[in-house]
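Below is one structure, written out as structure tokens; comments come after it.
The values are calculated or read from the model by the stated rules, or taken from the named source; none is laboratory data. If you're wondering where the values come from, they're calculated on a predicted model, not measured in any experiment. A quick note on method: Cβ atoms are made from the backbone with ideal geometry, for glycine too, and the neighbour counts reach across all protein chains shown. SASA here: full protein model, heavy atoms, side chains in, ligands and nucleic acids out. Shrake-Rupley method; radii C 1.70, N 1.55, O 1.52, S 1.80 Å.
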Amino acid sequence: MIDSLSLQANLFRHLNADKADLYRQIMDCFATAKRQFRLHLRPDEVLTEGAWSSLPLASRPRLADIQTALNQLTDWGNLESQPDVSRVTSLSDYYRAQYLYRLSQEGEAVESALITFAQALNRRAELQTVALEDITYRLQALRALADDADPDAAKVHEVLRDLVRVFESLTDNAQAFMAGIGRSIELQQAQVQAVLGYKKRLIDYLERFIGDLVARSGGIARHLESLTPRIDALLWLTARREARDSAPGNDQEQQSALEHYQHAWHERWTGLRRWFLSTGHEPSQAELLRTKARAAIPQLLMAITALNERRSGRSDRSADFRTLAAWFADCQDDAQAHRLARAAFALNPARHLAQQPPGNQDLPASTPWAQAKPIQVSPRLREYGEAAPRGVLPRIQDRAQARSLLAAQLQEEHDQIETARQRLATGRITRLSELGPLDAPTFALFLDLLGETLTAQPNPDAIVEAQSGDGLLQIRLQPLAADTQASIHTSDGCLSGRDHLIMISRTGPADETR
């Protein structure tokens, strides 16, 4: 076990060795050769094809350096070597050590791990609306296969495999988005124009994704609900088809492989259901993602606000505290520091409780807490914030008179409003200048109606019709000539303005009874 761990550790030693840049360039050469289906590389080929321009001129390797690095990588297990006899033309060439090099199995695993690591670090969070559309199409195809009396196992396997691939891509990107949605650090370091442009693109991007997610989540959930009673048979067909490629063995091993594949497919299907269907009291993952996407917009606006505050020269709390610390450092003595602390943190003299023990009633506020006589605090006051009353509980107060007074006031207000409605809602066209004097309740109702109507008017010369907020009155207002004048006198003053033709009428059955 220890030897295995030591061997695995040696595979990564080239990353922090003294010549790490040289080793990485050599390993990149072999990774490129692997992608080009080349089996081996010679030291001179590595020297020719290596990207040495990124290294300083004094650090660029020679053939002897390449040979030494290849031998070291072979000792660590990243490369494999074998004698090169294709270039032997003499006996001296035969005795000279010449080798061909290629990536070892362990070296390929290390390169794959490093590539995956770099991709995970550099991957930007994405919200894939296309994946939602693909999932819908795959589920529709799966439903069509489920409706078939004898579904084709190959087609079922292909559809489920594509469905899992698309769903894994969606979930991986969604997890990256939910983990790194706050880009406030990047925004605060960016230029203002870049931030504003990114704000518009991000908001459009989120709105588009949220719209597609809301529109397609319902259809995907219905497909999943429809497939749930019939999915076991399709998953069994897929698992049985995959188990055919398992390594040969006895009947028990074959049955275990079949159960393993079937369990794996059930887990994938359960994860797909939980992503779009809520379970019990827990919301679905799609709902959580939608909530996170909506919350990204306020986060972006907060980052932009911080950027604007920095541009306007406003100092943050940390800068204020650093300035205050410098002021404390400049204080001549403790007394001056205490005065600064009282001014900075609004420290006031002690305020003593109102319930003072005998002899403490006239205690001045300048008395420190340590010098004042203590008082007994009830445990109930400490625990519940109030002291338990002593003696008999107070009698229940009879509030019938107060309720009667309140009911009378409400009835009086209702009568005043109804009188005002009868005064204004005549159903006839009248000029504002002909309304005559209005009392205070009628004038208040008239101002409310006039304000609601003028708010709905597109321009001062347009005829407008509106309804009161309670829906009981209908108002029609038609402006007259611009030079006309109307004055309405009330007990609070006179309202003057452009004259209008106004018609106020009741709506609904009340208007018919009149």
Per-residue SASA entry for D204, accessible area with 1.4 Å probe, Å² rounded to 10: 70
Phi to ³J(HN,Hα) by Karplus 6.51 cos²θ - 1.76 cosθ + 1.60 over the stretch 255-270, Hz, x for Gly, Pro: 5, 5, 5, 5, 5, 5, 5, 5, 5, 4, 5, 5, 5, 4, 5, 5
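Determine the relative contact order of the stretch 366-496: mean sequence separation of Cα pairs under 8 Å and six or more apart, normalised by residue count, in whole percent.
Details: 96 pairs, mean separation 23.4, N = 131.
Contact order relative to length: 18 percent.
May I ask you to give the percent of accessible area on the stretch 395-514 that is carbon plus sulfur, with a probe radius of 1.4 Å?
Values: 4030 of 7810 Å².
C and S fraction of accessible area: 52 percent.
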From phi via Karplus (6.51, -1.76, 1.60), per-residue ³J(HN,Hα) for the stretch 289-296 in Hz, x at Gly/Pro: 5, 5, 5, 5, 5, 5, 6, 5
For R431, residues with placed amide H under 5 Å, excluding near neighbours: I502
Using θ = phi - 60° and Karplus 6.51 cos²θ - 1.76 cosθ + 1.60, couplings along the stretch 432-442 (whole Hz; Gly, Pro as x): 4, 5, 9, 5, x, x, 10, 6, 4, x, 5
Accessible area in the full protein assembly, largest first, 1.4 Å probe, for D334, D212: D334, D212
Summed side-chain charge close to G219 - residues other than G219 whose Cβ falls under 14 Å, Lys, Arg +1, Asp, Glu -1: 0
24 Å Cα-Cα reach of K200 towards lysines, excluding residues that sit fewer than 8 places from it in its own chain: K292
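Among residues other than V164 whose Cβ falls under 14 Å from its Cβ, what is the net charge (Lys/Arg +1, Asp/Glu -1)? Let's see the in-between values first.
On the way: positive: R138, R161, R165, R268, R273; negative: D134, E158, D162, E168, D172, E242, E267.
So the environment of V164 carries a net charge of -2.
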Charge tally in the Cβ shell below 9 Å around C29, where Lys, Arg are +1 and Asp, Glu are -1, C29 excluded: -3
Under 15 Å from K155, Cα to Cα: aspartates and glutamates that are on another chain or at least 8 residues apart: D147, E242
